[in-house]
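The values are calculated or read from the model by the stated rules, or taken from the named source; none is laboratory data. Just so we're clear, the structure is a prediction, and the values are computed from it rather than from any experiment. FYI the Cβ positions are ideal-geometry reconstructions off the backbone, even for glycines, and counts take in every protein chain you see.
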Amino acid sequence: MNLSEECFLEHVAQADFQDGVVRDWWGIFTSLEICWPNPVIWIAAPPRPGRPVPSPDRFYLRFDLQNYPSKGPTAMLWDTEKNAKLDPSRWPKGSGDVEKVFRIVWAGIDCLYAPWDRVAEEQHKADACWAAKFPGKIWKPTYTIVHYLRLTRELLHSEEYHGI
């Protein structure tokens, strides 16, 4: 086991992660054999009735935690039945920040377009406005995986989330 994995396991054992588990906000998906550094973590999503396609009660994220926590996580929406990227037609839909973060024309659909995602943040390193625009959201090595989960969950539980 390497240091990144040890840090991750320590972080998911801490109270803030476990509080989210107890509240059914998120949890580690254990039905797939996951090789480090790619755990799959689910985030609960509220029902959105009246949509043509029923919305799932959970979205699964397959993380890349290489060099965690010194480098931030990146994650893609994951289909646990196919053990593959989630089809874009099944991605969260919405307005405002939901529409921006879950955009399907970004980085080959390999990550969320969010300031807390490593790939998105790296694409904007030269853009001083990006950091100024999202204070407290861009990853810091002192953060835990809960930072990523909490911000993503907040979007899914906002009025801007309309379902899939």
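Computed quantities for the displayed model
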read-out: Qualifying positions in the stretch 94-125 - surrounded by fewer than 17 Cβ atoms within 10 Å (Cβ to Cβ) and in contact (Cβ under 8 Å) with a residue 40 or more places away in the chain; value: S95, G96, D97, E99
read-out: Residue list for the stretch 1-58, filter: in contact with a Lys or Arg (Cβ under 7 Å, 6 or more places away or on another chain) and either aromatic (F, W, Y) or at pLDDT 95 or above (or both); value: W25, W26, N38, V40, W42, I43, A44, A45
read-out: Pick from the stretch 49-66, criterion more than 18 Å from R90 (Cβ to Cβ) and assigned to a strand (DSSP E or B), ranking: nearest to the chain's Cα centre (by Cα); value: F63
read-out: Selection within the stretch 78-116 - basic (K, R) and under 15 Å from G163 (Cβ atoms); value: R90, K93
read-out: Pair list, Cβ < 8 Å and 6+ apart or interchain, from the stretch 147-163 residues that are among the acidic types (D, E) to residues that are modelled with pLDDT of 95 or more and part of a loop (DSSP other than H, G, I, E, B); value: E160/S95
read-out: Hits in the stretch 10-48 (condition: farther than 21 Å from L86 by Cβ, without any contact (Cβ under 8 Å) to a residue 24 or more places away in the chain and not in a loop (DSSP other than H, G, I, E, B)); value: E10, A13, A15, Q18, D19, V21, V22
read-out: The stretch 72-93, residues that are farther than 18 Å from R150 by Cα, touching an Asp or Glu at 6+ places or on another chain (Cβ under 9 Å) and in contact (Cβ under 8 Å) with a residue 24 or more places away in the chain; value: K85, L86, R90, K93
read-out: Residue check, L151 under 15 Å from the mean Cα position of the chain (by Cα), closer than 30 Å to L3 by Cβ, crowded, with 16+ Cβ neighbours inside 10 Å and of a type outside the set (D, E); value: yes
read-out: Number of positions in the stretch 28-48 that are within 25 Å of S4 (Cα to Cα) and either among the aliphatic types (A, V, I, L, M) or within 12 Å of the chain's Cα centre (by Cα) (or both); value: 8
read-out: Filtered residues of the stretch 82-128 (kept if at pLDDT below 95, part of a loop (DSSP other than H, G, I, E, B) and polar (S, T, N, Q)); value: N83
read-out: Sole exception among (1) closer than 23 Å to L9 by Cβ; (2) over 11 Å from the mean Cα position of the chain (by Cα) for I138, by number; value: (1)
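Let's see how each residue does on (1) within 28 Å of M1 (Cβ to Cβ); (2) of a type outside the set (D, E); (3) over 14 Å from the mean Cα position of the chain (by Cα):
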| site | (1), (2), (3) |
| --- | --- |
| K82 | no, yes, yes |
| W91 | no, yes, no |
| G94 | no, yes, yes |
| D110 | yes, no, no |
| P115 | no, yes, no |
| I145 | yes, yes, no |
